[in-house]
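Peer 1: Handing you a structure now.
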Amino acid sequence: MTAGRTTAGRTTTGNIRVLVADDQEIVRTGLTMILNAQEGIEVVGQAADGRTAVELAQRLRPDVALLDIRMPDVDGIEATRLLAGPAVADPLAVVVITTFDLDEYVYAALRAGARGFLLKDAGPALLAQAIEAAASGDALIAPSVTTRLLRAFADAGPRDLPAQPLDPLTAREEEVLLAVAGGRTNTEIARELFVTLSTVKSHVANLMTKLGARNRVEVALWAYDTGRLRPARPTREH
């Protein structure tokens, strides 16, 4: 474990302070190097297990905690719940990163309060974007994660469509719904729809309220269940 150079709160330079937790030293080192190389981001602590990650995060209060799912002692899902779950009075922003070999782990982590979800093969740009989004109150879930979750639900067979919201979605909310389900961030949606970031955040908040969704994957699943979106099927290589 390596403690950061700063105390709780933003650094004097205004950098986004990140805690990295992964049980593999080579992964922790790689993630730390990538993040420290990004302008405006600084890794202030590292942990090799979930319990240490929770304790360090509660002490350092980083802007974002980047957690692996599979860690000893306390896994990333439970660590996320302890740092960002519904029962936490002052939740931290958590981004979960994993090799994504178990779909149920992904869903559980998001329900536990994770604000973002990435695969370990994500490039530096997407990793930095997820950290910046989480720190600003936004969220980023890798499009491939959303696609795989939707495909898993499709492969499970047909289900009854959920009830439509009592308060119907507006035309703009429908557009935002599809964009969110496609894995786009609020910033990307604002750019595509030519609206302000605050307007997008308002639409997303309204969507989650109307749909009873706790995160963006649940929004995407609702879009699939109601026939608004179909998960792309994998292309076979010959």
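The values are calculated or read from the model by the stated rules, or taken from the named source; none is laboratory data. Values in this document were obtained by computation on a predicted structure and should not be read as measured data. A quick note on method: Cβ atoms are made from the backbone with ideal geometry, for glycine too, and the neighbour counts reach across all protein chains shown. In case anyone asks, the SASA skips ligands and DNA or RNA and just uses the protein heavy atoms, side chains included. Shrake-Rupley method; radii C 1.70, N 1.55, O 1.52, S 1.80 Å.
Peer 1: Identify all residues within region 130-153 that are open to solvent by 60 Å² or more (accessible area, probe 1.4 Å) and either assigned to a strand (DSSP E or B) or at pLDDT 80 or above (or both); write none if there are none.
Peer 2: Of everything in region 130-153, those that are open to solvent by 60 Å² or more (accessible area, probe 1.4 Å) and either assigned to a strand (DSSP E or B) or at pLDDT 80 or above (or both) turn out to be 132, 136.
Peer 1: Taking the options 57, 65, name whichever one is assigned to a helix (DSSP H, G or I), surrounded by 20 or more Cβ atoms within 10 Å (Cβ to Cβ) and of a type in the set (Gly, Ala, Ser). So that I can check it myself, show each step before the final result.
Peer 2: Working: 65 fails: assigned to a helix (DSSP H, G or I).
Answer to the check: 57.
Peer 1: Quick check on region 179-212: of everything there that is at pLDDT below 85 and on the phi > 0 side of the Ramachandran plot, which residue is most open to solvent (accessible area, probe 1.4 Å)?
Peer 2: Initially, region 179-212 is screened for residues at pLDDT below 85, giving 181-187, 212.
Checking which are on the phi > 0 side of the Ramachandran plot leaves us with 183, 212.
Details: 183: 12, 212: 59 Å².
My answer is 212.
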